[in-house]
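These notes concern the structure reproduced below.
The values are calculated or read from the model by the stated rules, or taken from the named source; none is laboratory data. Given the structure is predicted, the values throughout are model-derived calculations rather than measurements. With ideal geometry, Cβ positions are generated from the backbone for all residues, glycine too; neighbour counts draw on all protein chains shown.
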Amino acid sequence: MRNVLIPTDFSTASFDLVEKAIQTMGEQVVNITLFHAFQIPFFVSDLIRNQRQPYHDLLTDGFRNNCKQIKQLFPKQVNSIVFRHLYGNTPAVFRHFVDANDIDLIVYPEQYEFIPVHSDSVNPDSMFKKSRVPLLRQFKTKRRVVTIPEIKAVEEEAVALLKLLNAQS
């Protein structure tokens, strides 16, 4: 079973990333950790003034329903799907997070674009790249299963074309 970390901006696009990752991993059973990092409050007054967590308003019913839907769509592959946040922006802090959550793969496609959803959101790029955890940078394309009758039909067409070409020469 793999423990896979996937960055989230709490949008439906994040769940597209989840689906592509699951499809790429095939039949492997995975625990998915949706991840977002936030800056550590710098001043004590920030801690006192902001009693609510920065992700409080981001964890909507829609987000939770999308998590449930992923589990329903991929019941054999997805063992669990959870959201985890991190306060910090250094590779060392992220490494501790990775170790504590036993992460063994980070989904971080080459075309990934970080979208800050809160004033304290942190771009995870440098943390991911310096983590020494394998990165899934490209997804497999969906393969189409070709049936025997389709293969025979193509063979018959090829034979007919060859006979036609031979007859013309």
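Here are the numbers for this structure:
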{"read-out": "Within segment 96-111, tally of residues that are in contact with a helix residue (DSSP H, G or I) (Cβ under 8 Å, 6 or more places away or on another chain) and not β-branched (Val, Ile, Thr)", "value": "2"}
{"read-out": "Residue list for segment 110-135, filter: in a strand (DSSP E or B) and hydroxyl-bearing (Ser, Thr, Tyr)", "value": "Ser121"}
{"read-out": "Test result for Glu157, exposed (fewer than 15 other Cβ atoms within 10 Å of the Cβ), of a type in the set (Asp, Glu), assigned to a loop (DSSP other than H, G, I, E, B) and without any contact (Cβ under 8 Å) to a residue 40 or more places away in the chain", "value": "no"}
{"read-out": "Filtered residues of segment 1-28 (kept if among the charged types (D, E, K, R) and without any contact (Cβ under 8 Å) to a residue 24 or more places away in the chain)", "value": "Asp16"}
{"read-out": "Residue match in segment 99-109 (condition: surrounded by 18 or more Cβ atoms within 10 Å (Cβ to Cβ), outside any loop (DSSP other than H, G, I, E, B) and more than 13 Å from the chain's Cα centre (by Cα))", "value": "no"}
{"read-out": "Residues (of a type in the set (Val, Ile, Thr) and either modelled with pLDDT under 90 or in a helix (DSSP H, G or I) (or both)) located in segment 23-50", "value": "Thr24, Ile40, Val44, Ile48"}
{"read-out": "Which numbered condition Lys76 misses (of (1) surrounded by 13 or more Cβ atoms within 10 Å (Cβ to Cβ); (2) outside any helix (DSSP H, G or I))", "value": "(1)"}
